[in-house]
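A.B. asks: One structure follows; several queries about it will come next.
The values are calculated or read from the model by the stated rules, or taken from the named source; none is laboratory data. All values reported here derive from a predicted model rather than from experimental measurement. Cβ placement follows ideal geometry from the backbone for every residue including glycine, while neighbour counts extend to all protein chains displayed.
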């Protein structure tokens, strides 16, 4: 029996591009990095990133992704795209996060897992500034 399923409309407002790259991620709860790991991106867009994660990540948690970039700086220096956002959804094998802020940085040649419990000033500074902006907007 042939089964025809209606194609669901794409709810995304921005395009996503199938780009599989190494990614390291860190999850922040409160003021502490509580989880981290290595995976691969599934797709990337200006508003979000889908990536593989070996465990389920808490929805709404602040997250930092460091994605290996396919283009070298000055034809010799590896780059990474650092994305800050929130976990939008997650399962046991994959997660998706928003892109609230991003920046390019130079990269180590071999990705390394981030140990849980390690404080990370870059992610923590972003979270503190985000909380300040939210409080400022609420009081206005």
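A.B. asks: Would you check if residue 81 is modelled with pLDDT of 90 or more, surrounded by 15 or more Cβ atoms within 10 Å (Cβ to Cβ) and in a loop (DSSP other than H, G, I, E, B)? Write out each step before concluding.
C.D. replies: Working: modelled with pLDDT of 90 or more: yes; surrounded by 15 or more Cβ atoms within 10 Å (Cβ to Cβ): yes; in a loop (DSSP other than H, G, I, E, B): no.
The answer is no for residue 81.
A.B. asks: Let me ask you something else. Could you check segment 90-105 and list, in sequence order, the residues that are surrounded by 14 or more Cβ atoms within 10 Å (Cβ to Cβ) and touching a strand residue (DSSP E or B) at 6+ places or on another chain (Cβ under 7 Å)? Break it down into steps so the answer makes sense when it comes.
C.D. replies: Of the residues in segment 90-105, the ones surrounded by 14 or more Cβ atoms within 10 Å (Cβ to Cβ) are 90, 94-100, 102.
Residues satisfying the conditions are 94, 95, 96, 97, 98, 99, 100, 102.
A.B. asks: Give segment 59-72 a look and list any residue that's farther than 19 Å from residue 122 by Cβ, in a strand (DSSP E or B) and touching a residue at least 12 places away in the same chain (Cβ under 8 Å), or say none.
C.D. replies: Applying the first criterion (farther than 19 Å from residue 122 by Cβ) to segment 59-72 yields 59-60, 70-72.
This time we only want the ones that are in a strand (DSSP E or B), so: 70-72.
Hit for segment 59-72 is 70, nothing else.
A.B. asks: Output yes when any residue across segment 109-126 is surrounded by fewer than 18 Cβ atoms within 10 Å (Cβ to Cβ), within 21 Å of residue 15 (Cα to Cα) and either modelled with pLDDT of 85 or more or more than 11 Å from the chain's Cα centre (by Cα) (or both), and no when none is.
C.D. replies: no
A.B. asks: Can you pull out the residues in segment 35-58 that are in a loop (DSSP other than H, G, I, E, B), touching a strand residue (DSSP E or B) at 6+ places or on another chain (Cβ under 6 Å) and closer than 17 Å to residue 123 by Cα?
C.D. replies: 57
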